Amino acid sequence: MEPLVATPHGLADVALENAVQRPVWHEADARDWPVTSAPSSGEVDVAIVGGGFSGLWTAYYFSLARPDWSIAVLESQRVGFGASGRNGGWCSGMFALSPSELAETFGRDAALHAYAASFATLNEIEAVLLREGIACGWHRGGSITSATIPLQRMRLQGDLAKQHAVGVNEADLRWLSADETRAEVNLADTYGAVYTPHCATVNPFQMVLGLARVLRQRGVQLWESSPVTAIEPGVVRHTADGKPAALRAGLVVQATEGYSPSFRQTRRAMVPLYSLMVATEPLSPEVLAQLNWSRRATFTDGGRMIIYAQLTADGRIAIGGRGAPYHFGSRIKPSFDIDDETHRRIVKAIARHFPAASGARITHRWGGPLGVPRDWTPSVVVDRTSNYARIGGYTGDGVACTNLLARTVVDEWLEHDSPLRNLAFIGHRSPEWEVEPLRFIGVNSLIHLSDSIDSHEARTGRSPKLRTTLIENLL
Ligand SMILES: Cc1cc2nc3c(=O)[nH]c(=O)nc-3n(C[C@H](O)[C@H](O)[C@H](O)COP(=O)(O)OP(=O)(O)OC[C@H]3O[C@@H](n4cnc5c(N)ncnc54)[C@H](O)[C@@H]3O)c2cc1C
């Protein structure tokens, strides 16, 4: 345990100073293949741009459906470099938008169909992991969204009633009393929680690497260190040995999520929002006993500024949160992965929610960009005139949804007789984000407002009217 040293920011500073700046998941790097880059010319049936879950799942399902096709994934770094290898490891059946919110856009039946498909996605992923022998700590413990103040209880219960009114079953989403919540995990403050069984935890990096290994065995080309510079109809332009190169393809699938603004056709389709995380050391048996995190359900609270935590297979708390600044022009840089203020806030959340673990050493801290479309709605774009497809727009809920949309884009392109082809996300076009500097002002205002509303509510027990109206108008 770190000595308690008084600093301007208290214990959090001491904790952060000694943390390694890389995802805790990367400790288990079982990558046993060398980097192979894309050739300077050639032709494939399917070229997939982006080696995260979206790209790899798309390659997987194409390779199952068309084992004779040549399939290549082009990744600018190494597979799993992006959000897929550094996320919170929640494999959740929930989208960023609730069933009732989806129903407002697509209607009740379409919203329920999307949710049923998403819940079933966990079974699909579990089956693939088993069949392909991918070990990634898969554990299905459900998820709780805990009310930490009475106001949050009111809001969460009101929202839950809306979901039930739209047709979601108690079995899929239900209320836990404060005692029932404490039986899930010994939280400092809880006034009850919403529980869903539709969430598993994983080590996401192990899952990416396992999937990559399977793809290699299936003959899919994984071309790493192969940055794509442009996507044109039937052509992927990239750099090979520092020189411009082109690959022809029967279909190009763009799977670049938070990195999409660097492509001409998706410049304003998404903003990269940074989510940051820390991990504690493996907790001692005494602390684990006090925490009593019985089913290892994932944890979030009912605040506006999202935080999310899981108890990892090796007994650490891996916890993350939004709140890091958005960078002008949707820029992405490795240095943006670290933000002291945001990391400090996340460390403090450990003490606030899990006091039993407040003395645990912080061993890792990291972050990364996730993609947020203007309406928080995922989409599957298929354009047969330019042999182009795209999936994404997960808004921080992509670990399961990448699998769902990958199966959907494959079924859609191959015109399979599949219920996934009725998903409302097919052909959905989110509005574009505003041009700069409006985007910069708008996104950062949303971040600041969320934080300040949470603080106000925690202090006074009431919502600040003006700020709440403002944020609702900005969304
Ligand atoms: C810190 C953090 C925590 C998160 N927690 C969760 C969670 O707990 N649960 C959840 O469901 N979701 C979570 N998310 C979101 C989730 O990780 C993503 O939605 C999901 O991984 C998206 O997968 P993807 O393959 O679409 O994108 P990515 O994994 O970002 O993959 C895109 C890939 O494209 C590559 N690329 C970019 N530009 C180019 C180019 N020009 N040429 C070639 N390749 C390129 C990138 O290097 C990257 O590897 C989190 C995200 C972050 C950052």
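Helix 465-474 against the longest principal axis of the chain: what's the angle in degrees, Cα atoms only, rounded to the nearest 10?
10 degrees
For residue 292 and residue 432, what does the FRET efficiency come to when R0 = 60 Å and r is the distance between their Cβ atoms, rounded to the nearest 0.05?
Plugging the Cβ-Cβ distance into 1/(1 + (r/R0)^6) gives 0.80.
Measure off 7 Å from each Cα along the Cα-to-Cβ vector at residue 68 and residue 328, then give the distance between these two points in nanometres to one decimal.
If labels sit at residue 68 and residue 328, their model points lie 5.6 nm apart.
If we count every other residue with Cβ under 15 angstrom of residue 127's Cβ, Lys/Arg +1 and Asp/Glu -1, where does the sum land?
Charge balance near residue 127 sits at 0.
For the stretch 436-475, what's the radius of gyration and Dmax over Cα atoms, in angstrom?
Gyration radius and largest Cα-Cα distance of the stretch 436-475: 10.9, 36 Å.
Once you have the Cα-Cα distance between residue 469 and residue 444, take 0.36 nm times their residue separation minus that, and quote the gain in nm to one decimal. Don't skip to the end; give the middle numbers.
Values: separation 25, 0.36 × 25 = 9.00 nm, distance 1.64 nm.
Length gained between residue 469 and residue 444: 7.4 nm.
Quantify how much of the Cα-Cα distance distribution of the stretch 90-140 extends past 18 Å, in percent.
Here the long-distance tail beyond 18 Å is 40 percent of all Cα pairs in the stretch 90-140.
Under a 5 Å amide H to amide H cut-off, with H placed in plane at 1.01 Å, what residues pair with residue 380 once short-range neighbours are removed?
426, 427, 428
Which length gain, in nm to one decimal place, applies between residue 451 and residue 385 when the Cα-Cα distance is subtracted from 0.36 nm times their residue separation?
Extending this stretch completely gives an extra 19.3 nm.
Can you tell me the Rg and Dmax of the chain, counting just the alpha carbons, in angstroms?
Rg then Dmax for the chain, in Å: 21.7, 64.
Within the stretch 239-275, which residues have the backbone N less than 17 Å from the label spot 7 Å out from residue 225 along Cα→beta-carbon, could you tell me?
So the set is 239-245.
If you restrict to DSSP beta bridges whose two residues both lie in the chain, what percentage is antiparallel, to the nearest 5?
70 percent
For a quick check: sort 146, 418, 41 by the number of other beta carbons within 10 angstrom, fewest at the front.
Ordered by Cβ neighbours within 10 Å, fewest first: 41, 418, 146.
Report the extension gain between residue 130 and residue 267 in nm, rounded to one decimal, defined as 0.36 nm multiplied by the number of residues separating them, less their alpha carbon distance.
Gain on extension, residue 130 to residue 267, equals 45.5 nm.
So for 472, 104, fewest C-beta neighbours within 10 Å to most, what's the order?
Ascending number of Cβ neighbours within 10 Å: 472, 104.
So who's got an amide H within less than 5 Å of the one on residue 198, skipping anything under 5 residues away but keeping other chains? H placed 1.01 Å off N, in plane.
Answer set, sorted by chain and number: 143.
How long are the semi-axes of the ellipsoid equivalent to the stretch 9-117, from square roots of 5 times the Cα gyration tensor eigenvalues, in whole Å, largest first?
With the √(5λ) rule applied to the stretch 9-117, the semi-axes are 31, 30, 11 Å.
Quick one: Karplus J couplings for the stretch 65-71, per residue in order, coefficients 6.51, -1.76, 1.60, θ = phi - 60°, nearest Hz, x for Gly and Pro?
6, 9, x, 8, 7, 8, 10
Testing the spin-label approximation: label points 7 Å from Cα along Cα→Cβ at residue 77 and residue 116. State their distance in nm.
Spacing of the two 7 Å Cα→Cβ label points: 3.9 nm.
For the residues 305, 277, what sequence is obtained by ranking on other C-beta atoms within 10 Å, fewest first?
Ordered by Cβ neighbours within 10 Å, fewest first: 305, 277.
Here, each number is a calculation from the coordinates, and none is a lab measurement. Just so you know, these numbers come straight off a predicted model, no measurement behind them. Don't worry about glycine lacking a Cβ; one is built from the backbone with ideal geometry, like all the others, and counts go over all protein chains shown.
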